[in-house]
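The values are calculated or read from the model by the stated rules, or taken from the named source; none is laboratory data. No experiment lies behind these values; they were computed from the predicted model shown. For neighbour counting, all protein chains shown are included, and Cβ atoms are generated from backbone atoms with ideal geometry for every residue, glycine included.
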Amino acid sequence: MSQHDEQRRRLLGRLNRHLAYTAPLLALVAGGAVLPASAGDDAAVAAYSSPSEAALLLASHHMEGEAQAEGAAEAQGEAEAEGEAEGEAEGEAEGEAEGEAEGEAEGEAEGEAEAQGEAEGEAEAEGGASAAVERPEGYSPAYRETGGNPAQMLARGEELYNDTSLSSNGLACASCHGGEGQDTAFNPTFQQPFPHRVAMAANRFGMPEVHADEMVQVCMVAPMAAEPLEWGSEELTSLAAYVVEVQKRFAGEPHDL
């Protein structure tokens with residue numbers, strides 16, 4: 001067998017493997033259609049004397065080229081789809097992260113604003129309470145802070161000293177400081193005459209020292225959880241006069257109780 005015949009045999013074998021696609025393409029060729037061919041195709045076609053064999057060869061090469069082109073297009077389409085999916089996923093992740101960061105920042109800002117508002121509210125409440133327990137401007141008490149107050153005033157003061165109805169929580173002055181001459185729960189500073197420093201008044205109301213009637217008002221508002229007594233009232237005057245004598249008794253000085 002000559003080299004020319006062997007080459008023809010191999011090419012015809014390739015054409016048989018693509019037989020399913022040959023008939024439509026032959027119809028195109030018979031109708032005068034021109035199929036694109038490469039330089040290698042032209043050289044191969046020139047080796048044959050039969051036009052039908054040349055058409056079959058061109059058809060086979062044309063189908064192979066289309067298949068390769070379709071494969072490349074599909075691969076490119078899949079790569080583009082994957083890229084779009086990755087881009088969408090990254091965009092969604094970035095959006096969620098930005099949303100979470102904005103939400104956290106807004107939550108922190110709201111928390112700080114609430115904390116600041118609470119602090120301001122507490123400061124205003126303390127300022128208002130301090131004004132309620134301090135002697136008002138121009139106030140002149142109806143008792144003497146040095147002692148010598150009327151016995152009737154002191155008796156009324158002792159009665160109020162043990163009266164739980166003055167509070168909102170069932171406490172009386174005697175609940176903390178003892179009744180019937182038992183002076184308890186006083187700091188050493190209570191040994192000093194009024195006005196003097198009282199820890200509760202200094203810590204809770206910012207008052208460096210208090211008079212006897214201011215001490216009564218501090219106890220009314222803080223431990224007894226009640227409204228302060230009316231300035232100049234019989235209750236406040238009697239209680240303040242009684243506390244003056246309690247202070248003297250606690251300090252071991254002469255008193256009128």
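What the table shows:
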| item | result |
| --- | --- |
| Matching residues in region 164-199 - criterion: being among the charged types (D, E, K, R), more than 17 Å from residue 213 (Cα to Cα) and free of Cβ contacts under 8 Å to residues at least 24 places away in the same chain | 180 |
| Total residues in region 163-222, condition in a helix (DSSP H, G or I) and surrounded by 12 or more Cβ atoms within 10 Å (Cβ to Cβ) | 25 |
| One residue from 157, 148 being modelled with pLDDT of 95 or more, in contact with a Leu (Cβ under 6 Å, 6 or more places away or on another chain), under 17 Å from residue 240 (Cβ atoms) and of a type outside the set (Asp, Glu) | 157 |
